[in-house]
Each structure stands twice: as C-alpha cells, then as structure tokens.
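Peer 1: Below is a structure I'd like to ask you about.
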Amino acid sequence: MGSIEKQRSIIDFTLASLLRRKGKNAAFLAVYTLVVFSLASVMFFSQALRKEAVALLADAPELVVQRMVAGRHDLIPLSYVEKIRDIRGVRAVRGRLWGYYYDSLSGANYTLLVPEGFTWGAGNIAVGQGVARSSMAVKGDVMPFRTYDGRLARLRVAGVLPSSTELVSSDLILLSAEDFRILFGVPRRVATDLSVEVANPAEISTIARKIAMMLPDTRPIAREEILRTYDAVFNWRSGILLLILSGALLAFIIFAWDKAAGLSSEERKEIGILKAIGWDTGDVLAMKLWEGASVSLTAFLAGVILAYLHVFTTSAILFEPVLKGWSVLYPKFRLTPYIDLAQLAALFFLTVVPYAVATIIPAWRAATVDPDAVMRG
Amino acid sequence: MIELLNVHKTFNQGKPNEHVAIRDVTLAIASRRITVLKGPSGSGKTTLLSILGGMARPTAGRILLFGREITSLPERFLTEIRRGTFGFIFQHFNLVMGISVLENVMLPAYPRGESHLLLRQRALALLKMFGLAARSAAPVEGLSGGEMQRVAIARALINDPQVIIADEPTAHLDTGLSAEFMEQMARLREEGKTIIMASHDPLVCEAAIVNRVVEMRDGRLSAAGVLP
C-alpha cells in the first residue's frame, strides 16, 4: 500500500513538473507523435496490402505456364494444353486470355481479362470501379474500343464489379473470349498463358520442372513465386518511404537524445534539492522513469491510433501515391484492419525504450551526487 | 544527541585541488537545544552542518546519532534516517520553482509512501501555523523572501523531524524577519526539537534563545561556549 502511495505521489509530482514546461514538452510530444505516426502508418499499410494480396492470390492457379520468345512473354499455342494434361499429377489445364488496353480518352491503362464462365455473353463487359469512374460509365452504357486493326468495337457495360474487390479490380474489364480475340486479333489456337491445377501442392515444383523440360520454350511460374514478387514490391515501396522518413527519424533521434540525455542546470539543481530533502537515488530515478514513460507512451499511443485511423479510415491518404503505385486509376478502397502484434512490439521497442533509457542515464548520474552539493552550491 | 568523533573532511582527495574542510573535530550536540556554528566564510560551518545532518560522509572519524553509529551506512539507510530525523532549511531556501507552495511542503514526505490525503492535511496545518494557508495553491516564485523562508521551515517540519538544521537562515532576511525566524526556532525548541544552525549573523549568534555557540576557524573548533 505504502509503495503504491509513494509511486502515486511521485507520479503526481512528475506530471506537475511536466506541466511547468508546457510549451516545450507539448512541442516535443507533437514531434514524437508524428514520428510514431509515420512509421506506424507505413507499417500498417504495407502489412494490410500484403495481407490483401495473399488473400486474393489464394484463388489464383497453382501454376501458370507462359511461352517465351526471345526472352519475352509471347502467346502460347493451345496444343500445349494436351501435352501438359498428360503429365501425372496435373488435374486440369486451361488457356487464359488477358491483356492491357490503353484508353486514349481517359489516359488510363485497363486490364482486360476473360474470366472462366463469363455469364454476360458476347458484346457485354463488366468493369471495375476505377474504369467506371474514369470513363464515367454506368450499367447499360456502351463503351467504345479501338481494335488492333483500327476498327471501332462497341461493348455494353453489363455490370460494375463490387467495390470490396477494388484494390485489384479497379482497372479491370471482364469480357467474353470472342470479343477479346476480335479486339486484339488473337487467333483461336493460342492463349495468353495456361493455368495449371495440380492435385498435390507438394508436387508443384516437380511438375513445373517436367513442363520446362518437355516444352523448353515455356516458363512455368508457381503461385508462391508471385506471392514472393508481391512481397518484394511492397517491401520495396515501404522501404522507399522509410528511406524518405529516415531523415526525419534521424533528426528526431538527435533531438530526442539531446532533450533526454542533457539535463538542464535547472533540472540538475532540482534533483539536488530532492536528494537534500530526503529523496534517495531510487526515488529520483523512479520520477525520471515515470516522466520518460508518460511522454513516450502518450506519443506512442497517439501515433499508433492516428496511424490506424489514417490507414484504415482514410486509406492512407498521405502515402497513397508511393505505396499503391503511380497510376491514373487509383483504386479507391478501404483496407481490412490488420495489425501484426510482433511489428507493433518492435515499433514500441524502437521508439519508447530508447527514449526511456536516454532519460534515465543522465538522471542517474545527477542523482548519485552527494546531497550536500546543494548546500555547497 | 549527535556526536562527532575525530571527524575529518577532505574534498577532491589526492587531486591537485585537494581541500581540507574539517580537521579533527570532536563535538557533542545536546538534544532540545539551539546550537549555532559560528565562523567566517570558508571556516567549515556548512560542511560540518552537512556531516551532522547525514548529508555528507566524513573522510575519517565517526558519527553517532542517539548512540547509534551511522558513519558507514549505505545510502538508502542513511537517506531514510536523514528523512525521518532531520529537517533542512537552506540558505537560498531551495524551493522547487513552478509548483505550488503546498506541493513544495509535501515533497520531502513523498518517498515515505503515506496516504496522500493525510499528508495534504498535515501540510495545510503547517502552512496555517506559519500564516500561509491562503497562499497554499500559489506558485512559490510569487512569494516574498519572508514567505519563502516560512515555506522552507514548513517543508523542513513535514516529516516531524527531531532535529532542524539551518544553514545561514537569516542571510537573505531583514532584521524584522530575522527576529521572527528566531522566535519560530524558539517555539520549535519548546516543542522539543533540537536546532543546529550555521551563521555568522550577530542577530543569530547573539540571540538570547541560543544555548550554545560553537566557533570555527579553518576547519577546526576554535572555542566552544555554553550559554544558559
């Protein structure tokens, strides 16, 4: 009970002390919060994006086979389908049709994809939210396209894709195989690539090797590899942002170290007075620890909460261009809140602990002087 | 009763700026008396006061407090004894600026872990005794010299110590306030407190209420007179 009362009294005094230098401490707290906010925003955002990508790719085929010509991705003959299907362990093989279309009217690039079981029929398309916005198309409108040989193709918007999938479907146009072939002049005997379903996931790499040996002009890509590429891209982007932020972070560290590590003569005198009137070294250290903890915990909590709101309610409006990519068609979407506790703990140890330590060391040095220094000084 | 036996105090021992502040002092301070250490600047009064109050350790010699040796106690225990036994009044008052009068008075009691409410009541009672009840919430920097002195006395009394130690207590007070201070000390002695002061102010040294004046020069006791 006594020790609780003692800590309560020390905390009371610590808070009263902090309030004495209101302006200085408030400015420091604001900068500290801003740093935590920036770091936590990048962390939350890249984590949530990665999580989203993993969830979306869960439905992707285990293996994609592309044909390579002169080191570049080329159309793949559908005759390869039979050959691959004969490999033991392959459950199904399908030719996929997809490509990119540049719309000179809106200045945007669309992704055109022929989905399996396209229900709207030839002459119809379904568009993503971004496409609908940029071309101002609503259900029932007709969108003009220019075919590979310069003719005009008119396709009716039969549906708009739901906004919940917008991160990946923003620039997407779904259409029938016939329309796709007309639009791009893709012959019937070829596809963009082949998707391969494998019965046993443990056999994916063996099957990929067999395909590569049997069809030397192809490149099999496993879903895991795509995930790794996504990971690398997100890591790279958050890396760039962190690099930009590191300047600010470094300035903050120097500022915080200076603030925490250097005791002013006024503070030093105060510690002397406290010792002279009966506080021991431990009491002074407890006071400084409470001071460091209250400042850094407030900044940490405020920074993390602001970052959470920033990322999950405003879709990281401040970091959008860097983290999502540069494009005319920014997807508008709301990320599913996801917090990695391990990363949050790492952030805590990187921001709160160094500050608390930086506050304690000089206080300890000042607190170990003889209390009679005050009498002599 | 506080006893010093062959006490020496050397600062910066073994360094070029070595300074011997106290040389072989043996002294006994009686309880419930007012004792004044008198001497010119640099005579070692303040250092001796620090040693008597357990604030500084002697380089050599022994200190006995009520018959118990405290010379080589670890810092924690010494601080505990100091907190419970001594109340200090400093020459420059040494109040903590920016916080209220009441908080300043309560500060020495915080490490004891008593109930905040009881402590507050005791501090308010002390402030009332010194005529400062109305100023309890005011920040200390707005106080006059006399008021600061009274806050410093109230702070020294918060832990109900047996011994009050005052270093040059009248150095920043005019004649009227100095006389008032001496009256307060007389009252505390009547209440059973032991008072030890360091001063070269005649208003203190020659005051009728002083029981004993110990004269110091160059770190030694030059004469010890006992007044009734």
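We did not get these values from a lab; they are worked out from the coordinates using the rules stated. All figures in this text were calculated on a predicted structure; none of them were measured in a lab. Reconstructed Cβ throughout: ideal geometry from the backbone, glycine too, with neighbour counts over all protein chains shown.
Peer 1: Modelled label-to-label distance, residue A:226 and residue A:202, 7 Å Cα→beta-carbon offset: nm?
Peer 2: Label-label distance for residue A:226 and residue A:202, simple model: 2.5 nm.
Peer 1: Okay, moving on. Could you tell me the extents of region A:1-106's C-alpha atoms along the three principal axes, largest first, rounded to whole Å?
Peer 2: 83, 47, 25
Peer 1: Modelling each spin label as a point 7 Å along the Cα-to-Cβ direction, I'd like the residue B:117/residue B:18 distance in nm, to one decimal.
Peer 2: 5.9
Peer 1: A follow-up question, please. For a distance above 16 Å, tell me the whole-number percent of Cα pairs in region A:168-267 that qualify.
Peer 2: More than 16 Å apart: 78 percent of the Cα pairs in region A:168-267.
Peer 1: Another question, if that's okay. Taking the Cβ of each residue in A:3, B:43 as the centre, tally the other Cβ atoms inside 10 Å and list the residues starting with the fewest.
Peer 2: Fewest to most other Cβ atoms nearby, the residues stand as A:3, B:43.
Peer 1: Another one. Using a 10 Å cut-off around each Cβ, can you sort A:156, B:82, A:91 from fewest to most neighbouring Cβ atoms?
Peer 2: On the way: A:156 15, B:82 28, A:91 11.
So the residues, fewest neighbours to most, are A:91, A:156, B:82.
Peer 1: Projected onto the charge dipole of the protein assembly as shown (+1 at Lys/Arg Cβ, -1 at Asp/Glu Cβ, origin at the Cα centre), which of A:304, A:373, A:173 gives the Cα projection farthest towards the positive end?
Peer 2: Looking along the dipole axis, the top candidate is A:173.
Peer 1: Which whole number gives the average, over all residues in B:43-52, of C-beta atoms from other chains lying within 10 Å of the residue C-beta?
Peer 2: What the average comes to for B:43-52 is 2.
Peer 1: Quick check: convex hull over the Cα atoms of region A:76-191, volume per residue in Å³, rounded to an integer?
Peer 2: For region A:76-191, the hull spanned by Cα atoms encloses 113 Å³ per residue.
Peer 1: Here is a further query. Per residue, what volume in Å³ does the Cα convex hull of region B:8-87 take up?
Peer 2: Convex hull volume per residue, Cα atoms: 111 Å³.
Peer 1: What is the distance in Å between the Cα centres of region A:282-309 and region A:116-161?
Peer 2: 55
Peer 1: Percent of Cα-Cα pairs more than 30 Å apart in the protein assembly as shown, please.
Peer 2: 67
Peer 1: Say R0 is 60 Å: what FRET efficiency, to the nearest 0.05, do residue B:205 and residue A:250 get from their beta-carbon distance?
Peer 2: Using R0 = 60 Å, I get an efficiency of 0.50.
Peer 1: In what sequence, highest mean first, do A:129-139, A:335-345 appear when ranked by Cβ atoms within 10 angstrom?
Peer 2: A:129-139, A:335-345
Peer 1: Another question, if that's okay. Using DSSP, restrict attention to beta bridges with both residues in the protein assembly as shown and report what percent are antiparallel, rounded to the nearest 5.
Peer 2: Taking every DSSP beta bridge with both residues in the protein assembly as shown, the antiparallel ones total about 70 percent.
Peer 1: Listing B:190, B:180 from the residue with the fewest other Cβ atoms within 10 Å to the one with the most, what is the order? Provide the component values of the computation, followed by the final result.
Peer 2: Numbers: B:190 10, B:180 16.
Least to most surrounded, the residues fall as B:190, B:180.
Peer 1: Could you compute the FRET efficiency for residue A:139 and residue A:294, with r as their C-beta to C-beta distance and R0 at 56 Å, rounded to 0.05? Mind showing how you got there, number by number?
Peer 2: Numbers: r = 56 Å, r/R0 = 1.00.
Once the sixth-power term is evaluated, E becomes 0.50.
Peer 1: Nearest 5 is fine: what % of DSSP beta bridges in region A:76-191 come out antiparallel, could you say?
Peer 2: 70
Peer 1: On a 0 to 90° scale, report how tilted helix A:341-367 is relative to the longest principal axis of chain A, with both axes built from alpha carbons and the result rounded to the nearest 10.
Peer 2: 20
Peer 1: Need the C-alpha centroid separation for region B:81-109 versus region B:1-60, integer Å.
Peer 2: 22
Peer 1: Moving to a separate point now. Once the Cα atoms of helix A:204-214 and of chain A are each reduced to a long axis, what angle between those two axes, in degrees from 0 to 90 to the nearest 10, is obtained?
Peer 2: Rounded to the nearest ten degrees, it is 40.
Peer 1: Tell me the relative contact order for chain A as a rounded percent, counting alpha carbon contacts under 8 Å between residues six or more apart.
Peer 2: With pairs under 8 Å counted, the relative contact order is 28 percent.
Peer 1: Say R0 is 25 Å: what FRET efficiency, to the nearest 0.05, do residue A:178 and residue A:106 get from their beta-carbon distance?
Peer 2: 0.50
Peer 1: Another one. When the Debye formula is applied to the Cα atoms of region B:49-91, each taken as the same point scatterer, what base-10 log of I(q)/I(0) results at q = 0.14, 0.33 Å⁻¹?
Peer 2: After summing over all Cα pairs, the log10 values are -0.29, -1.44.
Peer 1: Measure nothing fancy, just the Cα-based angle from helix B:175-190's long axis to the longest principal axis of chain B, in degrees from 0 to 90, nearest 10.
Peer 2: Tilt relative to chain B: about 80 degrees.
Peer 1: Also, I was wondering about something else. Helix-only estimate, please: 222 nm mean residue ellipticity of chain A, summing -39500 (n - 2.57) across DSSP H runs of length 4 or more and dividing by its residues, to the nearest 500.
Peer 2: Details: 13 runs with 212 residues, N = 377.
The per-residue figure over chain A is -18500 deg cm²/dmol.
Peer 1: Report, as an integer, the average count of C-beta atoms from other chains found within 10 Å of each Cβ along A:2-9. Please list the in-between numbers first.
Peer 2: Working: counts 4, 1, 1, 9, 7, 2, 4, 12.
Shielding by partners across A:2-9 averages 5.
Peer 1: Also: Roughly how compact is region B:2-223, stated as its Cα Rg over 2.2 N^0.38 Å to two decimals?
Peer 2: Relative to the rule-of-thumb radius for its length, region B:2-223 sits at 1.02.
Peer 1: Continuing with the same structure: Work out the mean other chain Cβ neighbour count within 10 Å for the residues of B:108-118 and drop it here as an integer.
Peer 2: Details: counts 6, 4, 15, 13, 5, 10, 5, 5, 5, 1, 1.
Mean partner shielding for this stretch: 6.
Peer 1: Could you check the simple spin-label distance between residue A:339 and residue A:212, using points 7 Å along Cα→Cβ, in nm with one decimal?
Peer 2: A separation of 4.3 nm, rounded to one decimal place.
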